[in-house]
Each structure stands twice: as C-alpha cells, then as structure tokens.
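Below: the structure, in structure tokens.
The values are calculated or read from the model by the stated rules, or taken from the named source; none is laboratory data. This is a predicted model, so every value here is computed, not measured. Neighbour counts are summed over all protein chains in view; Cβ atoms, including those assigned to glycine, are modelled from backbone coordinates with ideal geometry. For the accessible areas, the whole protein counts, side chains as well, though only heavy atoms, and no ligand, DNA or RNA atoms are used. Shrake-Rupley method; radii C 1.70, N 1.55, O 1.52, S 1.80 Å.
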Amino acid sequence: MRVTAAPGALFAASPALAQGVNAASLSSPFPLAMLLGAGAVAMVVTVIIRSILREGKDRQRQASDQVAALRAMVDDYEALLSGTREATIIWTERSSGPKFLGQTAALLPAGRRPEAILDFASWLVDADAQKLITALEALRVRGHGLELTLRARDGRTIRANGWVLGGGAALRLHPAQADVAGLSNTNERLDAAQAVLAALDEPAFLTDERGAISFANPAYRTLAASLGKNDMLPDALARASGRSVVGIATAAGKGGYLRPAAVAPRPAEAPGQAHLNAIINALATPIAIFGAARELVHFNPAYAALWQLDPKWLKPGMDERAILDRLRTDGMLPAEPDYQAWRARHLQSYQMTRPRDEDWHLPNGRTIEVIAAPAGAQGGVIYVFEDITDQLKLKSEHRTLIDVQRSTLNALSEGVAVFGTNGRLTLSNPRLSTLWKLPTNLLETNPHIDQIIGAVAQTLPADGTTIWRDLKRGIIDLNPTRTDQQGRISRADGRLLDYAITRLPDGQTMMSFVDVTEIANYQRVLKERNEALITADRLKDAFVQNVSYELRSPLTNIIGFSDLLSSESVGPLTDKQRAYAGYIRASSVTLGVLIDNILDLATVDAGIAELRIEEQNVAALVEKARAGLAATFPDVDGQKPLNLVFEVPPDLGPLQVDGTRIVQVLYNLLSTAARFSEPGGLVKLRVADIGDRMVFTVEDEGAQMNEEMRAAMLQQVDSTISGRQRGAALGLAIVKTFVNLHGGIITVEKREPRGSRVIVTLPRLHRMAGATAAE
C-alpha cells in the first residue's frame, strides 16, 4: 500500500464527504482545510499500520528461528538417545502409534525391527512378558507407574520403568548391568550398528578409515539413486539434497545419518522438547547439556547424584566454570597440579567438531568416563558420564585371574592341551612340548591337530602318528552324548603316559598327559617285593608249624629221660650227675616254653587265636606260673637261683580270663625278670584288685630293660637282641599279644637305681574287654 493512495481510500470510506465536494467548494478556504486535515490523518494511520505489520513479521521470524533451534536440539537429543544401550517407547495423544528411541538392538535378537520390541513374548520369558503387559496396560489406562525387573530369554536381566508423560506414557527398557560379553569384538559391534542403522527411516551410513562408504541403509540408497549417483559420499549427498550430516567417529571410520534442513515446524511440535527432557530425566545415565555460552541448559537427576550436587544449588543458566570450581572444592575432580590449565583444556570442548571421551580418575578411587559431543549448529556441549570403576576392577581381576591361571598351568607337571571345535589348539603349557618333543614356536601358532600329528611323526617316528590319530577321534567327536575318556599310552621309546580327554562346557576339548613311567616302575618293584614277602611269610609259617611240632617228640623224650635219671630208679647218682640231670630238665622245659610261644605267635599272626574265657582263681594262676618258673630255674647245689616274692591278697575276687594264657603271661613276665637279675636276685609279683580291674606288677632289681626290649613289647623283636635277652624278647611279645586279646594294657617303667617294673592291667569281667581295649 502506497501513501499516495490514502486520499482516495479516505474518500471511498466517506461517500457523503465525496458527494459534498464540488468545484465551488474547493474555492472555499474552510472546506479545503478540512480536506487537508483528513488527508494528514490518513497518512498517519497508514504509517502506524505498516509499523505494526513490520513488528509482527519480526516476531514471527524470531519465533520461527526459536522453533527451528528447538527442533534441531530435539534431533540432537534423539541422536544422543539412539547411542545409548537403552530403548524408550513413547505414546502421545497426537500420534497414531508409539515412537521408538534408543537402541532396541541392545535388547532384541539380531535382525529384528524396532517395532518387534513390543512383542514382549518373543524376547522375554513367558511369565515376565505377561507381567510387563499387565503393568503397561495399568500405566496407559489408569496412570500407574511401573518399575520391574525382568528376565530375557537369553538370560540377561532387564529393568523396565514406566511413567505418565502428559496425556501419554513412556516405557524405558535397559539391561540391568553392562553386557560385557554381548559385543565383545569389533565385528559384533559393526553388525549391531548396521542392524540399528538399517532400521532408521532417515538415510544412514558407515564409512571406513579412507572415508569410503562401507554401509548404507535403504533410505540412503534410495536418496542417492533419486539424484542419479549411487556412490555419492555423505557430505556431497547432503549438499545435493539440502540436508545436513549428523555423524560420530567410530573405531573403523565414521557413522551417522542425514537429517532434513531446519524448517519452521508447526507450533504443535514444540511440546516434543518437554517429552525429550522427561525422557532424559528418567535415564540412569548422567547427562548434562550446556549452551554455546557455557550456560547449563538441562541436566537429569542422575547427573546431580553422580557429583553429589544439591538440585537447589544446581540450576539451569549456571556457568560450567562455576560448577567445575565447586566440584574441585568438594574434591570431586581429578587431582591436577595445574587446575587452571586443566580446566582450560576441558572447556575446549565447546570448539570441537566431533565427539571425544576421556577418563577422570577421582581422588575417592572412582573412575568416570566423560563423553563430550557437540550440541548442534547453535553450539554447546552434551556431556555423558559413566562410572566405570567396577568395569575397570572387573577387567583388572579378570586379567589377574588369567595371569594366575596361566602361571598355574605352566607350573603343572601334567601336559595340557585344549582344542576348539575347529580342531585348533587354543591353550597349552610347556609340559606338553616336553612330553611329546614338540617345538614351542609351533604351539604358539595355535596349530590344527593335523599339524601336531605331522610334528609328532618327526619327533616320534615309531608310533607318534598312530597314537595321535587315535587321540584325534576324541577331539573331533562333536556328539553331545559323548563321555570323557582316559587310558594309558605305552610309547615305543619306553615312556608310559596316562591321558584323559575331557569335554569342556563351551564345546572345547581338554587333553591332559601325565608321565607315569617312574611310578609304574616303582609299582612293579613294590608288587614283586610284596609277592616275595607274602611267599616268605607263607614259608615262615609252614616252617614254624613243621619245626615246632617236629621238636616236641624228641623234647618229650629228653624231659622224660631226665626225670627218670633224677628219680634214681635206674641207679644212684652222684651229686654232679644229679646237678647235670637238673640242668638237662630245666633246659628242656625252657625249650618247651619257647616252642609253645612260637606256636602261639604263629596262631595269632594267622588270626585264628581264640580265648577260652572262664572264671579263674587268681591265686591258683599265680601258683601255676611259680611252678613253671621253678622248673625253668631249679635249685643247683642247694642254692636258689632267684629270690621270688609273691604278694597275693587272700580276698581277691574272681577273674574272667583264659587261664592258660594268663599263666603264660605271668610266667613270661617272671622269667624275663629272672633273666635280667643276678643269681639270687629279688623278683617280686604283686597282685591288686582296683574295682573293675586286676593289676599284676612284676619288679626286679637287675639290669634295666633297654630300648630293644621295649620294642619287643610292641612286637618289634630286633634281630640284634642276643643271649638270654632274645628269649625274653619273645616272651614279652607273647605277653603283649595275650594282654591285648583280653582287652588289657601293659606298661614298662624303670626303677631307681636299678631294675624294671612291668604292669599288666586286665578287666575283671570279660564283657568289659572291648571297652578296655578301646581306651
């Protein structure tokens, strides 16, 4: 509208005024003044209207710029959420279906589209899938928030959080802990990235280190084909299509997508920023967004909790330098000698054009990974923080465990070899190389078992190939029902190896070899020696039995003729002849006792000795032992060889024992004391009744019993014992045997200044023998 048109418009708006104006009136001064005043008013009104219109256009332009900036920030937020290992689903009143944010591939099996995450039964166990469906219905219908822990079909633990979002709802799903084994190598991460990019509606790509396209999703290929260049690079394609590139550096190059150029969005889309802020607030990952002027734009509660900052103090608009200074004062930043220089380097994030990350090692022992990315075309930085203290600790412990296992494996005396399902050696120790004479450098190359067979054929040409071909069957057998194997290998070079083939849980096979050559030789020698000992013992028993019984007949004749001579029925004897006859009879009796002892020991060793338990009179048993001792040590020339003293109380109670064996015990104790005593020496036998036990004590004043005689008490008769003591040792072995059979105990003591004391304790009643023996 031009100013010159104002009078015409004024006249058109006032027909009466137009009709009243004629040529005559124009000559009049008054009407002319009115006409000029009306024209001036019209001009002023026109200027005011144009000013109002100009201000309205300026406001509309500013609003459009603000909405475009918000839209760009929303796109950046969505790109940021797409990089987290979480999936967020949003239902709003204005959308016909759900909106998916984040990496659904982190939860779904490979190759699934994002929409498949709502098919909970396909990737959650049945019970948890139904539980999530019920809770999600309560969230969307009744506004009940949810917080669940679920179990995926692959065994992972999934956390689910749901909340009301305006008139809609939001559901966040994320693994409860970092899935370390999930993307353990570059190829798996690349496959996962390609699966995510393939599901995007926007043109997305991956480039290699040279900048060439290594992957393009269908939307990218369609856009490039529409421009007639299928191999167009991302920057060129963005310029040709009027789009902008949103990219991030990867281990192999670069990845990203092409977003449309910023246009003035509809005002109804502005609330999306509030939804996105609500999603960021619900994330467990600490996030903070700063504008181009280093002012805090937005942060989530996890950020304030990570740095222990009071939300009342931490407010949007704060300068990042003030926040860093506060953290340094609280001891929450890395201990740097030059803090100002460190802060300056950190604030260079506002000039970067691509994301970067670094680790902050805090004074309290924590390690924080800090990822900084440009916030968009308007400038600013998006910080993502992650506490990786536990991850580093686990890596360190895992590395330590591997080192310990390796050291332990190398220190084993067994040769160990682990083969994968492809037949290649995955693990071994030096002992394997030693046992099979294999080159160490060959084992370090993870050879196939066929290569090992070829190497063994050179080091052990006689039978190495045959042995390892048989072992190979146990390695390449992938039958799930197969069992472990073990056996012994006898090599042509004389070595004996025990082997074991064990199937490991991960499908691999472990073989272990032990050189048992020396052990086998020792076993053979021991077996031969044991067989010789058994034969010798059998011969000894036969000899003892035969000789002992063969000696009885002539011994009986000798005793009989000596008694006949001593009776002088065949003629009178001189004193010397009578003494000689006494010596013959005493020696014969002693020999008879020895033969009886030998037979008794043989019976005990054979395990056929039996006791005839009867109630005995202790005084009668002592008298029989005294009579036997008198026959063994008779008076010579009217001189008594021993001074025997017996202290037997007349009121002793009955004793349930084998009388014959107890007489042997007392006789052997007394004869042993006599052999250690000088002629005419004192030998005393004392009997005492102490409740449920009967105690027999034999004392002498002769030489003290040496260690060899004490060993005899334990049935360890030493061949070095000689003379009179040898018979005493055999007698003491008999004593020990029969006392134990009765459940009694025997002890030997030294007397001062000379002599020995032997104490035998027997249970008075036979039913107590077992209890006494146990003591």
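Mind counting the residues in segment 741-760 that are surrounded by fewer than 19 Cβ atoms within 10 Å (Cβ to Cβ) and touching a residue at least 60 places away in the same chain (Cβ under 8 Å)? Lay out the reasoning, then the answer.
So the first thing to find is which residues in segment 741-760 are surrounded by fewer than 19 Cβ atoms within 10 Å (Cβ to Cβ), and the list is 741, 745, 747-754, 757, 759.
Then drop every residue that is not touching a residue at least 60 places away in the same chain (Cβ under 8 Å), which leaves 741, 757, 759.
Total meeting the criteria: 3.
Look through Pro363, Pro311 and report the one residue that is of a type outside the set (Asp, Glu), within 35 Å of the chain's Cα centre (by Cα) and open to solvent by 70 Å² or more (accessible area, probe 1.4 Å). Please lay out each step first, then the result.
On the way: Pro311 fails: within 35 Å of the chain's Cα centre (by Cα).
Just one listed residue meets the conditions, Pro363.
Here are some residues: Gly247, Gly228. Which one is open to solvent by 40 Å² or more (accessible area, probe 1.4 Å) and either closer than 18 Å to Ala377 by Cα or at pLDDT below 75 (or both)?
Gly228
Could you list, in sequence order, the residues of segment 334-360 that are more than 20 Å from Leu296 (Cβ to Cβ), open to solvent by less than 50 Å² (accessible area, probe 1.4 Å) and touching a strand residue (DSSP E or B) at 6+ places or on another chain (Cβ under 6 Å)?
Pro334
Search segment 410-436 for residues that are on the phi > 0 side of the Ramachandran plot and small (Gly, Ala, Ser) and pair each with any residue that is assigned to a loop (DSSP other than H, G, I, E, B) and open to solvent by 60 Å² or more (accessible area, probe 1.4 Å) when their beta-carbon atoms are under 9 Å apart and the residues are at least 6 apart or on different chains.
none
Residue check, Ala581 against (1) open to solvent by less than 60 Å² (accessible area, probe 1.4 Å); (2) closer than 27 Å to Ala627 by Cβ; (3) part of a loop (DSSP other than H, G, I, E, B), all met but one. Which one?
(3)
Could you list, in sequence order, the residues of segment 411-424 that are over 23 Å from Gly507 (Cα atoms) and either part of a strand (DSSP E or B) or polar (S, T, N, Q) (or both)?
Step one: list which residues in segment 411-424 are over 23 Å from Gly507 (Cα atoms), which gives 411-413.
The answer is Ser413, and nothing else.
Is there a residue in segment 114-130 that is buried (at least 18 other Cβ atoms within 10 Å of the Cβ), modelled with pLDDT of 80 or more and closer than 30 Å to Pro260 by Cα?
yes
For the structure I just gave you, tell me whether Ala335 is assigned to a loop (DSSP other than H, G, I, E, B) and touching a helix residue (DSSP H, G or I) at 6+ places or on another chain (Cβ under 7 Å). Steps first, please.
Working: assigned to a loop (DSSP other than H, G, I, E, B): yes; touching a helix residue (DSSP H, G or I) at 6+ places or on another chain (Cβ under 7 Å): no.
When the stated conditions are applied, Ala335 does not pass them.
Do we have any residue at all in segment 387-397 that's within 30 Å of Arg431 (Cβ to Cβ) and open to solvent by 80 Å² or more (accessible area, probe 1.4 Å)? Lay out the reasoning, then the answer.
Filtering segment 387-397 for residues within 30 Å of Arg431 (Cβ to Cβ) gives 395-397.
Adding the requirement that they be open to solvent by 80 Å² or more (accessible area, probe 1.4 Å) leaves 395, 397.
Yes: one or more hits.
Give just the number: which of (1) under 48 Å from the mean Cα position of the chain (by Cα); (2) under 15 Å from Tyr257 (Cβ atoms) does Ala238 not satisfy?
(1)
Run Gly155 past the list (1) free of Cβ contacts under 8 Å to residues at least 12 places away in the same chain; (2) on the phi > 0 side of the Ramachandran plot; (3) open to solvent by less than 40 Å² (accessible area, probe 1.4 Å) and report the number of the one that doesn't hold.
Unmet for Gly155, out of (1) free of Cβ contacts under 8 Å to residues at least 12 places away in the same chain; (2) on the phi > 0 side of the Ramachandran plot; (3) open to solvent by less than 40 Å² (accessible area, probe 1.4 Å): (3).
Given the condition acidic (Asp, Glu) and farther than 21 Å from Pro334 by Cα, answer yes or no: does some residue in segment 429-445 qualify?
Start the filter on segment 429-445 by keeping residues that are acidic (Asp, Glu), which leaves 444.
The next check asks that each one be farther than 21 Å from Pro334 by Cα; those that pass are 444.
Checked against the condition, which is being acidic (Asp, Glu) and farther than 21 Å from Pro334 by Cα, segment 429-445 yields at least one hit.
Any residue at all in segment 315-323 that is surrounded by 12 or more Cβ atoms within 10 Å (Cβ to Cβ), farther than 20 Å from Asn300 by Cα and touching a strand residue (DSSP E or B) at 6+ places or on another chain (Cβ under 6 Å)?
no
What are the pairs, 6+ residues apart or on separate chains, where a residue within segment 532-544 that is closer than 21 Å to Gly592 by Cβ has its Cβ under 7 Å from a residue that is open to solvent by less than 60 Å² (accessible area, probe 1.4 Å) and part of a helix (DSSP H, G or I)?
Here the result reads Asp541/Ala602; Val544/Ala602, each pair linking segment 532-544 to a residue that is open to solvent by less than 60 Å² (accessible area, probe 1.4 Å) and part of a helix (DSSP H, G or I).
From (1) under 30 Å from Asp506 (Cα atoms); (2) modelled with pLDDT under 90; (3) of a type outside the set (A, V, I, L, M), pick out the condition that doesn't hold for Gln378.
(1)
Take Asn530 and decide whether it is assigned to a helix (DSSP H, G or I), of a type in the set (S, T, N, Q) and modelled with pLDDT of 80 or more.
Details: assigned to a helix (DSSP H, G or I): yes; of a type in the set (S, T, N, Q): yes; modelled with pLDDT of 80 or more: yes.
It is true that Asn530 is assigned to a helix (DSSP H, G or I), of a type in the set (S, T, N, Q) and modelled with pLDDT of 80 or more.
Tally up the residues in segment 626-644 that are modelled with pLDDT under 85 and surrounded by 13 or more Cβ atoms within 10 Å (Cβ to Cβ), please.
So the first thing to find is which residues in segment 626-644 are modelled with pLDDT under 85, and the list is 627-643.
Still in the running and surrounded by 13 or more Cβ atoms within 10 Å (Cβ to Cβ): 628-634, 636, 640-643.
Here the count works out to 12.
Among residues belonging to segment 590-603 that are modelled with pLDDT of 70 or more and β-branched (Val, Ile, Thr), point out the one that is nearest to the chain's Cα centre (by Cα).
Here the residue is Ile598.
Which number in (1) closer than 20 Å to Thr285 by Cα; (2) assigned to a helix (DSSP H, G or I); (3) at pLDDT 90 or above marks the one condition that Arg343 misses?
The number of the failed condition is (1).
Which pairs turn up if I take residues in segment 631-646 that are outside any strand (DSSP E or B) and look for partners that are of a type in the set (Ser, Thr, Tyr) and modelled with pLDDT under 75 with beta carbon separation below 7 Å, at least 6 apart in sequence or on another chain?
Taking only residues 6 or more apart or on different chains, the pairs are Thr632/Thr590.
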